[in-house]
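Worksheet: one structure, shown below.
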Amino acid sequence: MKNLNDLRDILGRTMEGVLSGKVSTEQAKAVAMVAAEVNQTAKLEIDMARATDGDFKGSGFIDVEPGPKRPGIGHGH
């Protein structure tokens, strides 16, 4: 799993597996718990990008596109 789209794909395939009976609900719960932790780290990356006015580039798991620079924020002004 390299990015958020991969995580969504895994979650979708897990849901399909549960519906088809190939994945147990216990397995699905384990996948969901891990996904929640991964999601939390993605939220931290977003928060860090906001706090640094887009200077933080992140891990590449999610696309952190810096927005326009705001004068006087994050650059020692």
Distance in nm between LEU4 and VAL34 label points, each 7 Å along Cα→Cβ, equals 2.1 nm
Spin-label pair GLU26/PHE56, simplified geometry with 7 Å Cα→Cβ offset, distance in nm = 3.8 nm
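Each reported figure results from applying straightforward, stated rules to the coordinates on display, with no laboratory input. Computed from a prediction, not measured in an experiment: that's the story for all the values here. Neighbour counts are summed over all protein chains in view; Cβ atoms, including those assigned to glycine, are modelled from backbone coordinates with ideal geometry.
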